[in-house]
Amino acid sequence: MEIHERKPVVYECQNEQEVVTQVKQLETQGILQDDMYVLTHEKHRTKRIADDTNTNTIGVKEQGLGTSIANFFSKKGDELRNQMEEIGLSKEEASIYEEKLDRGIILLLVTTEIPDARDMQLQNYHSL
């Protein structure tokens, strides 16, 4: 049950402070916290960071009940790859990012279009 039709933008963060900084920067670009998802290798760390940054975790709503039940019986790596695929990444991308999660990287996934700097400048120019 893939609810996101476009591929998410993925930010790789080394620590929680980088996640906080990136979330704030995205908010200044008009990105809603509802469109931001945090993913780490450990569920408790993912939940803590998502709570601290008012972002989301990839749950039943994003995955669908079938995938969530399958993940209950899956190995951790399989579960993480399934979550990333359900939110819009390819199998290959999910495998690459899962290896990075193994090394402690925190992923911030954005499921809405992010305006680039030129779009923001034009938008700001026209709004004067």
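None of the figures in this text is laboratory data; all of them are computed from the coordinates on show. Worth saying up front: this structure is predicted, and the values here are computed from it rather than measured. All Cβ positions, even for glycine, are placed from backbone atoms using ideal geometry, and neighbour counts span all protein chains on display.
Key figures
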quantity	calculated
Linear extension gain, Lys100 paired with Glu42, 0.36 nm per residue minus alpha-carbon span	19.6 nm
Spacing of the two label points (7 Å from each Cα toward its C-beta) at Thr28 and Asp78, in nm	4.4 nm
From phi via Karplus (6.51, -1.76, 1.60), per-residue ³J(HN,Hα) for region 104-113 in Hz, x at Gly/Pro	x, 5, 9, 9, 10, 9, 10, 9, 10, 5
